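Below: one structure, written as structure tokens.
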Amino acid sequence: MFSTVLSGTIIGMECRLVDVEVDLSSGLPCFVMVGKLGAEVKESGERVRIALKNTGITIPPMHISINLSPADFRKEGTGFDLAIAVGVLAALGRLPAGCGKDVLVLGELGLNGEIRQTKGVLPLAACAVRAGIRRCLVPVQNTKEAAAAKEMKAAGVSHLGQVLEYLRLPEEKRDFFIPPETGGSEGLFQESLEKEKGEEGLDFADIRGQESVKRAALIAAAGFHHMLITGPPGAGKTMIARRLPTIFPPLTLEESLEVSSIYSIAGKLPGGKGLITRRPFLSPHHTVTPAALSGGGRIPGPGIVSLSHRGILFLDELPEFKRQTLDLLRQPLEDKEIQIARTSGCFTYPADMMLAAAMNPCPCGYYPDARCRCTPYEIHSYVSHISGPVLDRIDIRAEASPIEVSQLQSGKKGCSSRFMREQVMEARQRQAERYAGTSLRFNSDLKPGDMERYCPLGEREKGMMEKIFRTMHLSARAYHRVIRVARTIADLEGSLKVETKHLKEAVCYRAVEMGG
Amino acid sequence: MVNEEEKICQFRLHNWPGVGDKAIGKLLDYFGSAKEACRGKEEDLKQVLREKTAVKAAEFNRAFDGEKAYERMRRQGIAFFTREDRAYPSRLRKLNPPPFALYCLGRLPKDEGPAAAVIGARECSEYGICMAKAFAEGFAKAGVAVISGMARGIDGISQRQTLACGGETYAVLGSGVDVCYPASNKELYRRILEGGGGILSIFPPGTMPLKQQFPERNRIVAGLSDLILVVEARQKSGTWITVDMALEQGKNVYAVPGRLTDRLSDGCNLLIRQGAGIALSPEDIIAEAVLLGNRMQWGKMAMPAKEDNWTEKKPPEGKAEHEKEDKSGFGERAEGEEILRFLDYYPKSVDDIARAMDEKGTVAEIPEIFSKLIGLCINGRAKQISGNYFVKIDK
């Protein structure tokens with residue numbers, strides 16, 4: 001007997017649907033699996049055999065061959081277990097012929113027949129819908145994400161026995177047996193949003209003092225500029241960075257789908273939750289390896305830069321990171337994606353994140369305060385440890401000053417995240433209008449060539465920039481950075497033109513050669 | 001005047017390893033002349049020097065081609081003076097003991113002109129930089145030579161400013177005169193040689209800057225000056241060596257006062273408590289320096305008109321410059337003045353300024369303060385130290 005079941009796998013960010021073909025024939029009893037299989041898929045045979053046995057199904061002593069087609073690319077992951085089991089059952093005649101037609105089957109099996117969560121369900125379901133499939137059978141924990149695909153009816157199952165019963169039913173009765181999860185992405189998105197309401201614990205209002213850093217954070221969020229916060233230990237650098245997501249506009253549906261897909265592939269989508277609706281905020285420890293940051297493995301999975309796509313990547317204690325690790329950020333910062341080349345192919349992951357970094361200004365942490373006891377040489381070598389090309393891409397540098405007790409004790413609250421978020425959204429709206437129909441999205445995307453068009457300077461402004469350039473020894477790169485940031489400041493204020501006061505403020509956020 | 005041959009032998013002697021000024025003195029006493037000492041056998045040397053030193057010195061002496069080295073040194077433009085030379089600075093002659101030899105690139109300081117040492121910490125604050133510049137400028141304009149060690153920080157800054165104001169300055173190094181230490185002062189080194197003064201050292205050319213050579217260097221700095229001005233020093237600082245040497249030599253020491261809370265001014269404040277002169281304005285000191293150094297030509301020296309306080313003289317000057325700036329059309333003046341009040345010579349953060357303004361009842365938003373501060377920076381009245389720290393500059 002022969003049967004075929006539809007399943008799928010992920011290579012990099014790409015989804016591939018796979019037909020699981022099972023054939024039973026007489027001959028020496030054995031269980032053979034072919035089709036360029038990775039280690040997890042090879043082991044799958046053992047799991048399936050025992051799971052079937054423990055569900056009360058004895059496999060007759062026959063020659064069982066399984067082929068995963070197309071057979072020309074490597075298959076990884078544990079998601080094939082369920083499809084193989086269903087294929088074997090169908091080939092045995094335990095299931096009516098053709099019952100698995102047009103159903104996407106995904107799931108990992110336990111030895112007791114239990115069905116466990118698997119990775120990449122969200123993008124695979126979406127891919128199946130594009131191929132005309134409207135039904136899927138997935139682990140209960142993955143039902144929500146599978147239903148995020150438009151028009152997909154996702155049935156969640158938790159045991160092999162349940163699957164057996166479900167597939168024996170005629171098509172029209174199945175929905176009564178396991179009511180499918182549907183609703184597409186919009187409904188799910190709303191639902192996830194509802195769930196998350198009231199969970200927002202952090203607020204900029206918690207921060208006393210540091211008004212200048214908060215202002216810099218506001219500008220950075222408004223123009224999607226990368227940001228570096230320096231300051232003595234305990235000044236609240238990390239506190240401020242952690243509150244950055246609270247002033248970003250909420251994720252839109254498309255953004256949420258993109259982010260959720262990446263998390264699904266990485267197997268990091270929280271169980272039972274459909275979509276990710278909160279901006280990612282990742283803060284890897286400084287011992288992070290290059291492979292973990294960029295994505296690694298023979299067939300690389302998404303790394304930290306990709307997991308922070310559309311969100312914030314926060315690097316605390318920047319100089320402690322290995323130079324080699326930081327240098328990896330060059331491509332994502334420039335191209336908003338990361339390419340990982342392995343012998344098995346070249347994989348591209350999205351990585352459009354805002355980089356926020358924090359560091360002490362010198363080894364002791366107090367420069368330029370009088371308490372600092374570091375020599376200029378020490379300060380220089382501390383700072384120069386950071387990869388120059390990465391620093392070059394950071395538009396805004398803010399400096400936190402040491403905090404005083406009186407500030408902590410005063411009941412004065414700073415402005416709240418809600419207020420700041422409104423300002424950010426207004427500024428982003430203005431950018432969206434200005435860059436409509438171009439590849440640009442934010443002011444931080446402006447290249448020197450675009451400046452003349454999108455932020456022309458008047459005579460007065462030009463004169464002043466010339467003067468600033470001369471007296472403050474700006475580099476050409478810093479010059480463009482200043483104009484980019486000034487554009488965002490003008491957007492925050494609702495001004496069409498970049499004026500001298502915007503430029504002057506922007507100059508303050510430029511990189512001052514530390515220790516000089 | 002000694003003949004050339006004897007001088008070369010003196011140079012040879014000075015190059016012997018492990019043989020200091022004291023030992024040279026003994027050798028000269030024993031042998032009668034440097035030439036004889038150079039010809040001396042190892043056994044003879046052992047009479048004067050310790051055995052190990054004598055063996056080493058004799059070995060070195062055999063291998064060392066003094067004439068060639070001397071010739072090479074002369075070609076580099078390095079002059080070699082010993083106590084017997086007439087050009088040997090008379091100020092050094094008064095030291096106890098005077099250094100046996102002095103190497104010089106460029107000029108020697110004039111015996112008759114006034115000279116003041118401006119010294120201080122290598123790690124200095126913006127305040128220190130500002131004061132060093134102000135005093136150096138005063139000295140340069142009054143024709144007082146500035147002697148210093150060309151180190152990082154106060155030393156280099158005061159010498160640079162002296163040159164910028166057309167004065168002359170002499171650097172006494174702790175290495176050979178052909179070794180520029182620290183390398184970051186290469187530019188200053190070059191400019192001193194281009195006509196501003198001279199590079200001096202008591203160590204043979206090629207000597208590396210070793211820690212133990214610096215106290216001796218400091219003695220020469222003090223010796224070449226009529227008085228010492230300490231701009232900024234910590235409680236424990238190499239500057240103290242120079243000060244002690246100067247006091248031993250009977251020179252007056254002045255210190256620029258600083259805030260009590262400022263660790264970088266601890267040394268200066270301590271000096272003042274111990275009786276050092278309080279340097280309130282360059283004029284105070286110039287008067288004394290000129291008096292001390294310029295016994296020869298009383299009248300000719302341009303004594304600066306007696307101004308009570310140079311700081312009081314500043315504002316109108318600043319204003320004039322400011323009005324000039326104003327014409328360029330940025331309208332910074334009114335804005336700047338109000339915020340300048342909250343700035344200091346010590347780095348102040350924007351948040352501190354905002355708070356101070358708040359306390360004084362002036363309401364100002366952060367962006368506004370930022371843009372005003374940059375306005376001041378453009379006009380050269382303030383400086384951005386890093387991120388959001390600013391200091392006031394007097395100019």
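Observations on the model:
- In the range B:121-151, residue farthest from B:Arg91 (Cα to Cα) [restricted to those that are assigned to a loop (DSSP other than H, G, I, E, B), more than 10 Å from the chain's Cα centre (by Cα) and within 14 Å of another protein chain (Cβ to nearest Cβ)]: B:Ser125
- In the range A:89-118, the residues that are among the small types (Gly, Ala, Ser), farther than 19 Å from A:Ser44 by Cα and in contact with a Leu (Cβ under 8 Å, 6 or more places away or on another chain): A:Gly100
- Residue match in the range A:225-235 (condition: touching a Phe, Trp or Tyr at 6+ places or on another chain (Cβ under 9 Å), crowded, with 22+ Cβ neighbours inside 10 Å, away from chain B (no Cβ under 13 Å) and not basic (Lys, Arg)): yes
- B:Ala171 vs. criteria without any contact (Cβ under 8 Å) to a residue 40 or more places away in the chain and part of a strand (DSSP E or B): yes
- Highlighted here are the strands (runs of 3 or more DSSP E) found entirely within the range A:316-396 that include at least 1 residues which are within 14 Å of another protein chain (Cβ to nearest Cβ) and either modelled with pLDDT of 85 or more or under 17 Å from the mean Cα position of the chain (by Cα) (or both): A:354-359.
- Of the residues making up the range A:196-246, those that are touching a strand residue (DSSP E or B) at 6+ places or on another chain (Cβ under 9 Å) and β-branched (Val, Ile, Thr) are A:Val213, A:Ile219, A:Ile229, A:Thr230, A:Thr238, A:Ile240.
- For the range A:199-224, taking the residues that are within 23 Å of the chain's Cα centre (by Cα) and over 30 Å from A:Tyr435 (Cα atoms), the one that is farthest from the other protein chains (Cβ to nearest Cβ) is identified as A:Glu199.
- Qualifying residue in the range B:88-95 (condition: buried (at least 16 other Cβ atoms within 10 Å of the Cβ), under 19 Å from B:Ile199 (Cα atoms) and without any contact (Cβ under 8 Å) to a residue 40 or more places away in the chain): yes
- When the criteria are applied in full, A:Thr289 fails the requirement of being in contact with an Asp or Glu (Cβ under 6 Å, 6 or more places away or on another chain), among the hydroxyl-bearing types (Ser, Thr, Tyr), under 24 Å from A:Gly12 (Cα atoms) and not assigned by TED's automatic domain parsing to the domain that holds A:Ala148.
- Matching residues, the range B:239-264, being touching a residue at least 60 places away in the same chain (Cβ under 8 Å) and within 14 Å of another protein chain (Cβ to nearest Cβ): B:Gly258, B:Arg259, B:Asp262, B:Leu264
- Taking first residues from the range A:59-77 that are closer than 12 Å to A:Arg16 by Cα and partners that are of a type in the set (Gly, Ala, Ser) and part of a loop (DSSP other than H, G, I, E, B), the Cβ contacts under 7 Å between residues at least 6 apart in sequence or on separate chains come to A:Leu68/A:Gly35; A:Ser69/A:Gly35; A:Ala71/A:Gly35; A:Arg74/A:Gly38; A:Arg74/A:Ser344; A:Lys75/A:Gly35; A:Lys75/A:Gly38; A:Glu76/A:Gly38.
- Some residue of the range A:34-41 being touching a strand residue (DSSP E or B) at 6+ places or on another chain (Cβ under 7 Å), assigned to a helix (DSSP H, G or I) and crowded, with 17+ Cβ neighbours inside 10 Å: yes
- Matching residues, the range A:130-151, being crowded, with 24+ Cβ neighbours inside 10 Å and more than 21 Å from the chain's Cα centre (by Cα): A:Cys136, A:Leu137, A:Val138
- Selection status of A:Glu196, out of contact with any Ser or Thr (no Cβ under 7 Å at 6 or more places or on another chain) and under 27 Å from A:Arg278 (Cα atoms): no
- Exclusive hit being within 14 Å of chain B (Cβ to nearest Cβ), within 30 Å of B:Asn379 (Cβ to Cβ), of a type in the set (Lys, Arg) and surrounded by fewer than 17 Cβ atoms within 10 Å (Cβ to Cβ), set A:Lys467, A:Lys504, A:Lys497: A:Lys467
The values are calculated or read from the model by the stated rules, or taken from the named source; none is laboratory data. No experiment lies behind these values; they were computed from the predicted model shown. Heads up, the Cβs are rebuilt from the backbone with ideal geometry, glycines too, and the neighbour counts pull from every protein chain shown.
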